[in-house]
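Read through the structure below, which is laid out as structure tokens, and then see the notes.
The values are calculated or read from the model by the stated rules, or taken from the named source; none is laboratory data. Computed from a predicted structure; not experimentally measured. Cβ placement follows ideal geometry from the backbone for every residue including glycine, while neighbour counts extend to all protein chains displayed.
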Amino acid sequence: MTQLPANFLWGGALAAHQFEGGWNAGGKGPSVVDVMTAGAHGVPRRITDTVEEGTFYPNHEAIDFYHRYKEDIALFAEMGLKCLRTSIGWSRIFPQGIEETPNEEGLQFYDDVFDELLKHGIEPVITLSHFEMPLYLAREYGGFRSRKVIDCFVRFAEVCFDRYKDKVKYWMTFNEINNKMDVNNPLFLWTNSGVMVQEGENPKEVMYQASHHELVASALAVAKGKAINPDFQIGAMVSHVPIYPYSSNPEDVMLAEEEMRQRYFFPDVHVRGYYPSYALKEFEREGYNIVFEEGDDEILRNGTVDYLGFSYYMSTTVKSDVNNDNTGDIVNGGLPNSVANPYIQSSDWGWAIDPTGLRYTLNRFYDRYQIPLFIVENGFGAIDTVEEDGSIHDHARIEYLKSHIEALEKAVTYDGVDLLGYTPWGIIDIVSFTTGEMKKRYGMIYVDRDNEGNGSMERYKKDSFEWYKQVIASRGEQL
Ligand code: BG6
């Protein structure tokens, strides 16, 4: 393979709630994730009203990075990471979300982490909200249903931008802001927006109203950030699962095109600064009453993003004469017309493995937006086996990552896509978001902890550790 540019940001990605632990340490308040129990593949995580005594919450201790960050960062440095994408626990800074003054201990924790990263030459890439609103805002105001929460978020963003203005250049406002388009899974609206749909409500209408508030909050934060440091690069972050037509039947092609609007809606607003016409038509057609306040249009126009970050794990395929709603079956991708793609294999968790879909995505995004892109998540969740000597031969993971890096290199060197970097998900094993399991592992560093919270928390290098180190050292030439 050809080398990628010297400034290409090879890294790893994590999210505060999935690896930090210390859920109530240093003055941190509970977040929406702190009331989520463990689930499993096909078994949803339960959202409890408060933190129940005697219930196991996997994110509370996670992998205890809070107390082990020096040791973990030293391992990231040994791997040669150029950047680390992580997030700031909102309720570490504002425990309830409404305080006048931020929590100094929380701010200091991230100062310490960023200093440690920078000491090792690792650039922090920071998401402000990765599924972690303070629980109080969700319970008291219904999360982003309320405009009040826009102010709370913007204040949080401003405090972080100001405090870390000399340490962090790359920011993202909301992680996977679009995954709540799937209103069938309550987890997404809850973690994205602190919203629970009530009986009698139209979930899509509720989702679009909360989304409007988040898009306004994001745009306001971008404008504030730029005023604090004009060199900031502030991006959006979406989950991208491209939707293929099952066949060349024009009905399949048009259906896929229409379904792709679910994927494009958020980046269209973030990047262009206005609502796309297909969305306005949908609101009209469905009779959704989405309240826009005076001035919102201008806010959106003035807060467009510098780059588009996205996660890519899989693709999905739709067929026009299929309706899973009738059969009750939700196949691969969660759309009513999803079908299995006969050309693609899936992981143990049913996620389709499709490296070409990554090159396809990079091209479609770049053609549409013409701004830099950043692959801020990609990876392979799998069960790992620890051998007697402590080694872990995770060749399936290496194969997955290798094929995706080949695809992105082609997008850069052949197609000419402007790509800032690549941060594979869960560089160290962490708690799975959708299932709360530890056994769904993405890391190149193994953590001795199981689904029930047992284990020594010792860290071990997997085979992928040395492999990725050589990929980075050779700037992507030696795969
Ligand atoms: C993305 C999220 O949805 O996918 C991460 O941004 C998440 O937080 C990742 O962990 C992988 O999902 P899971 O459920 O396998 O952990």
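Worth pointing out:
- The residues listed here are ASP394, ASP448; of these, the one that is among the acidic types (Asp, Glu), within 16 Å of the ligand (Cβ to nearest atom) and more than 22 Å from the chain's Cα centre (by Cα) is ASP394.
- The set of residues in the range 297-314 that are under 13 Å from ALA219 (Cβ atoms) and under 20 Å from the mean Cα position of the chain (by Cα) comprises THR304, VAL305, ASP306.
- Looking only at residues in the range 99-132 that are β-branched (Val, Ile, Thr) and surrounded by 13 or more Cβ atoms within 10 Å (Cβ to Cβ), the one that is nearest to the ligand (Cβ to nearest atom) is THR127.
- Check on ILE63, within 23 Å of ILE122 (Cβ to Cβ), among the β-branched types (Val, Ile, Thr) and assigned to a helix (DSSP H, G or I): no
- Here the range 362-383 is the region considered, the condition is being surrounded by fewer than 18 Cβ atoms within 10 Å (Cβ to Cβ) and either at pLDDT below 95 or within 16 Å of the ligand (Cβ to nearest atom) (or both), and the residue that is farthest from the chain's Cα centre (by Cα) is ILE383.
- Residues in the range 106-158 that are free of Cβ contacts under 8 Å to residues at least 60 places away in the same chain and not in a helix (DSSP H, G or I): HIS120, GLY121, PRO124, ILE126, SER129, GLY142.
- Qualifying residue in the range 279-290 (condition: of a type outside the set (D, E, K, R), modelled with pLDDT of 95 or more and under 26 Å from ILE375 (Cβ atoms)): yes
- Scanning the range 409-437 for residues that are β-branched (Val, Ile, Thr) and either away from the ligand (no atom under 12 Å from the Cβ) or buried (at least 24 other Cβ atoms within 10 Å of the Cβ) (or both) returns VAL412, THR413, VAL417, THR423, ILE427, ILE428, ILE430, VAL431.
- Residue within the range 228-235 that is surrounded by fewer than 18 Cβ atoms within 10 Å (Cβ to Cβ) and without any contact (Cβ under 8 Å) to a residue 60 or more places away in the chain present: yes
- Any chance TYR446 is touching a helix residue (DSSP H, G or I) at 6+ places or on another chain (Cβ under 6 Å) and among the aromatic types (Phe, Trp, Tyr): no
- Restricting the range 21-58 to residues that are assigned to a loop (DSSP other than H, G, I, E, B) and within 13 Å of the ligand (Cβ to nearest atom), the residue that is nearest to ASN185 (Cα to Cα): PRO44
- When residues of the range 451-479 are limited to those that are in a helix (DSSP H, G or I) and hydrophobic (A, V, I, L, M, F, W, C), the one farthest from the ligand (Cβ to nearest atom): ALA473
- Residue that is part of a loop (DSSP other than H, G, I, E, B), among the aliphatic types (A, V, I, L, M) and under 15 Å from TYR110 (Cβ atoms), where the choices are VAL183, VAL168, VAL197: VAL168
- For VAL322, the stated conditions hold: it is modelled with pLDDT under 95, surrounded by 12 or more Cβ atoms within 10 Å (Cβ to Cβ) and aliphatic (A, V, I, L, M).
- Every residue from the range 220-263 that is out of contact with any strand residue (DSSP E or B) (no Cβ under 9 Å at 6 or more places or on another chain) and closer than 26 Å to GLY379 by Cα: ARG261
- Residue ranges of strands (runs of 3 or more DSSP E) in the range 233-345 with at least 1 members within 16 Å of the ligand (Cβ to nearest atom): 233-239, 307-311, 316-318
- When restricted to residues that are in contact with a strand residue (DSSP E or B) (Cβ under 7 Å, 6 or more places away or on another chain) and not hydroxyl-bearing (Ser, Thr, Tyr), the range 449-479 contains 6.
- Reported count of residues in the range 182-237, each being among the hydroxyl-bearing types (Ser, Thr, Tyr) and closer than 21 Å to ALA16 by Cα, is 3.
- Candidate set: the range 177-196, residues that are within 14 Å of the ligand (Cβ to nearest atom) and β-branched (Val, Ile, Thr); chosen: the one surrounded by the fewest Cβ atoms within 10 Å (Cβ to Cβ): ILE177
- Beta carbons closer than 6 Å, at least 6 apart along the sequence or on distinct chains, pair a first residue in the range 81-105 that is more than 11 Å from GLY27 (Cβ to Cβ) and of a type outside the set (Gly, Ala, Ser) with a second that is assigned to a loop (DSSP other than H, G, I, E, B) and at pLDDT below 95 for TRP90/GLU132.
- Of GLY421, GLY381, GLY426, all but one fail to be in contact with a Cys (Cβ under 7 Å, 6 or more places away or on another chain) and closer than 29 Å to PHE65 by Cα; the exception is GLY421.
- Selection status of TYR400, of a type in the set (Phe, Trp, Tyr) and away from the ligand (no atom under 15 Å from the Cβ): no
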